[in-house]
Amino acid sequence: MWRYIRARVLGAIPILLGMSLIVFLFLYLIPGDTARLVAGPSADRATVESIRTEMGLDAPWYTQYLRFFSRAIRGDLGTSFQSRKPVVQEIGVVLKRTLQLTVVVQLLSFFIGGTLGILSALWRKSVLDKVVMAFSVLGLSLPQFWSALLFQMFFCARLGLLPPSGYQMGWDIYIVLPALTLTWPSAGLMARITRVAVVDVVGQDYVRTARAKGINPLKIAVKHIARNALIPMVTLVGTDISRMIGGMIMIEVIFTWPGMGKYVYDALIAKDFPAFQASTLVIAALIIGINILVDITYGLIDPRISYE
Amino acid sequence: MTDVKKFIKSEPTTSVALLVLLVYVLIAIFAPYIATHDPMAVKTSRQVNGEKQYAPFPPSSEHWFGTDQLGRDIFSRVVYGVRVSIIVGIIARGLSMLLGVTLGLISGYYGGVVDNVIMRITDVFFSFPAILLAMMVTMVLGSGLWTVCLAIMLVGWPDVARLVRSQVLSVRNKEYVTAIKALGGSTSRIMVKHILRNCLGIIVVAFSMGIPGAVMYEAGLSFFGLGLRPPIPSLGSIIADGRGYIIFAPWYSLFPGLALAIFVLCCNVVGDTLVDVLDPSYRNKGR
């Protein structure tokens with residue numbers, strides 16, 4: 001087990017290296033003079049040149065990249081152009097807010113989607129099944145930036161119940177709309193996956209055997225059906241988080257939720273290269289980390305899977 | 001004829017979805033004849049019963065979907081937006097397929113170091129939110145139709161490459177390939193005529209199933225002002241422009257979004273059926 005984890009973590013390093021190199025090259029290619037950007041439009045030529053030398057922007061790109069990487073492994077991700085604060089500090093703050101949203105959305109979609117999926121699997125081809133599946137495909141088809149607007153129109157402009165956007169420290173009513181927008185497709189996907197998984201398990205021989213032995217149906221549902229259907233459901237939480245991060249960027253921008261997604265978007269638009277480079281690295285590390293975690297949980301849920 | 005009837009009877013939802021998609025394609029082809037107004041024509045105020053009104057105008061018999069703040073007809077803009085969406089969807093997905101199929105074929109056929117390098121590159125792409133990558137590309141190259149297609153191509157190819165690679169792996173060691181090798185068939189001939197031809201099914205499915213995703217990416221990029229340049233009406237940018245008017249002119253963002261949502265919804269419904277039909281093992285599980 002530990003050997004497996006170590007191999008996976010070591011395997012992540014070249015991926016992160018490659019990713020940060022791609023991002024670096026793209027940023028290098030974005031038109032505009034970085035030193036001028038940092039100095040501001042009113043700075044004179046001498047100041048711009050001194051900033052260029054100070055930041056090492058006069059070095060060739062590969063030297064710049066190596067400098068960035070050698071600093072990054074030591075935990076120094078540079079200083080934001082905009083706020084002039086260490087990027088690591090800022091990311092620490094925004095990451096918490098994104099995690100808050102992610103945990104809420106994943107818990108909601110796991111339980112709502114899971115329950116609906118089990119129900120529609122048990123009453124296949126019933127009205128409930130059809131409604132759940134329609135709801136699911138709708139959630140997956142609506143563009144999220146548009147459904148976000150619809151929710152704003154309905155709950156804020158029409159009913160005046162919720163604030164259209166914003167953020168407050170801790171837990172506040174502001175989380176409702178972004179969470180709702182993100183939960184719909186995630187719960188829809190969860191319902192579909194669960195439904196297929198449960199239908200698959202119910203038809204297995206061991207469930208029939210358990211029934212024939214006269215085991216209490218509740219015990220069958222928990223010990224035989226739920227445990228086996230859990231594998232695809234857990235996998236989905238992992239893949240869904242990586243899928244969701246893309247949508248998260250849009251949703252955080254629309255609802256001005258000051259999390260990781262808004263941070264990385266603002267950094268790109270403002271050409272705040274250190275902030276962007278660092279936050280993409282953190283996001284990629286998170287995605288890879290989640291995938292490793294998912295693979296480990298397989299082994300815990302399903303004893304047939306072994307990593308030795 | 002009886003086959004068509006049988007299909008409609010067994011798959012009514014899919015039939016409706018197919019019909020709607022056909023309408024979309026027709027709208028895209030005949031956009032200039034369907035649009036009721038010039039999508040760029042500006043008219044900021046109008047006289048109604050001697051009273052001066054300022055745009056945005058609400059939906060009416062003249063402007064079916066209302067107008068935007070410049071008085072441009074939203075119905076006509078949506079019609080042209082649909083055209084742009086479908087064009088971008090097909091070109092961008094086509095480009096992803098081209099790159100993905102080529103790399104997947106090479107990766108699966110040659111194996112070894114080449115395979116390893118290509119697969120590690122797909123790993124890199126998978127570790128990164130696609131929309132961010134697309135945004136970076138448009139930041140570097142500037143916005144515009146071809147940039148957007150290029151951005152979506154870069155986002156879409158890794159999935160295709162992996163899919164094709166796995167298919168190639170399952171075909172590569174079949175007896176008929178060995179036989180052709182023994183007969184002295186050239187590598188390119190084997191790859192194109194025998195292996196690629198056996199991947200054609202999944203290539204067609206991957207192409208058509210990827211179009212709604214490509215359309216969504218275009219709309220998303222345009223929504224953030226990183227997609228098509230402003231005078232070209234794009235569904236994403238119309239929705240974004242309407243964001244400031246959700247209280248006074250809800251129709252502004254509503255209709256372009258609806259047009260986009262219905263298109264993607266129908267694509268997904270048809271795609272689900274396609275998977276069911278082409279993968280019968282899945283059918284018994286799912287329904």
Fill in the blank from the handout: Of the residues in the range B:230-257 that are assigned to a loop (DSSP other than H, G, I, E, B) and touching a Leu at 6+ places or on another chain (Cβ under 8 Å), the one that is farthest from B:Ile152 (Cα to Cα) is B:Ile246
Handout entry: Any hit, the range B:96-117, residues being of a type in the set (Val, Ile, Thr), surrounded by 14 or more Cβ atoms within 10 Å (Cβ to Cβ) and modelled with pLDDT under 85
Key = no
Practice task
Would you check if there is a residue in the range B:119-141 being in contact (Cβ under 8 Å) with a residue 12 or more places away in the chain, assigned to a helix (DSSP H, G or I), touching a Ser or Thr at 6+ places or on another chain (Cβ under 6 Å) and under 15 Å from B:Val155 (Cα atoms)?
Solution key: yes
Problem - Test: B:Val192 is more than 10 Å from every other protein chain (Cβ to nearest Cβ), loosely packed, with under 15 Cβ neighbours inside 10 Å and not small (Gly, Ala, Ser) - result: yes
Completion exercise
Within the range A:261-275, of all residues that are over 16 Å from A:Lys96 (Cα atoms) and in a helix (DSSP H, G or I), the one nearest to the chain's Cα centre (by Cα) is A:Tyr265
Problem - Hey, A:Ser306 closer than 30 Å to A:Ile173 by Cα and at pLDDT below 80 or not - result: no
Practice task
Specify which of the listed residues (B:Ser208, B:Ser222) is crowded, with 21+ Cβ neighbours inside 10 Å and polar (S, T, N, Q).
Solution key: B:Ser222
Exercise for the section: Could you tell me which of the residues B:Arg46, B:Arg72, B:Arg77, B:Arg83 is of a type in the set (Lys, Arg), touching a strand residue (DSSP E or B) at 6+ places or on another chain (Cβ under 7 Å) and in contact (Cβ under 8 Å) with a residue 24 or more places away in the chain? Expected result: B:Arg46
Exercise for the section: State whether the residues of the range A:240-251 include one that is surrounded by 19 or more Cβ atoms within 10 Å (Cβ to Cβ), farther than 30 Å from A:Arg67 by Cα and either among the polar types (S, T, N, Q) or over 15 Å from the mean Cα position of the chain (by Cα) (or both). Expected result: no
Practice task
Give the residue, chosen from A:Pro258, A:Pro303, A:Pro232, that is more than 30 Å from A:Ser80 (Cα to Cα) and either facing another protein chain (nearest Cβ under 10 Å) or in a loop (DSSP other than H, G, I, E, B) (or both).
Solution key: A:Pro303
Practice task
Report yes if A:Thr98 is over 30 Å from B:Cys267 (Cα atoms), touching a residue at least 24 places away in the same chain (Cβ under 8 Å) and within 13 Å of chain B (Cβ to nearest Cβ), otherwise no.
Solution key: yes
Exercise for the section: Within the range A:25-35, count every residue that is in a helix (DSSP H, G or I) and under 17 Å from A:Ala59 (Cβ atoms). Expected result: 6
Problem - In the range B:228-263, residue nearest to the other protein chains (Cβ to nearest Cβ) [restricted to those that are crowded, with 22+ Cβ neighbours inside 10 Å and touching a Ser or Thr at 6+ places or on another chain (Cβ under 6 Å)] - result: B:Ile239
Problem - Selected residue [at pLDDT below 80, assigned to a helix (DSSP H, G or I) and either buried (at least 18 other Cβ atoms within 10 Å of the Cβ) or not charged (D, E, K, R) (or both)] from A:Thr47, A:Thr53 - result: A:Thr53
Exercise for the section: Return only the number of the condition from (1) modelled with pLDDT under 80; (2) touching a Gly at 6+ places or on another chain (Cβ under 8 Å) that A:Gln64 does not satisfy. Expected result: (1)
Exercise for the section: Return yes when B:Gly108 is small (Gly, Ala, Ser), part of a helix (DSSP H, G or I) and more than 23 Å from the chain's Cα centre (by Cα) and no when it is not. Expected result: yes
Handout entry: So A:Pro185, is it touching a residue at least 12 places away in the same chain (Cβ under 8 Å) and closer than 30 Å to B:Cys267 by Cα
Key = yes
Problem - Test result for A:Pro163, without any contact (Cβ under 8 Å) to a residue 24 or more places away in the chain, under 22 Å from A:Glu252 (Cα atoms) and either within 14 Å of chain B (Cβ to nearest Cβ) or under 18 Å from the mean Cα position of the chain (by Cα) (or both) - result: yes
Exercise for the section: Evaluate the following for A:Val103: is it part of a helix (DSSP H, G or I) and within 14 Å of chain B (Cβ to nearest Cβ)? Expected result: no
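The values are calculated or read from the model by the stated rules, or taken from the named source; none is laboratory data. Computed from a prediction, not measured in an experiment: that's the story for all the values here. For neighbour counting, all protein chains shown are included, and Cβ atoms are generated from backbone atoms with ideal geometry for every residue, glycine included.
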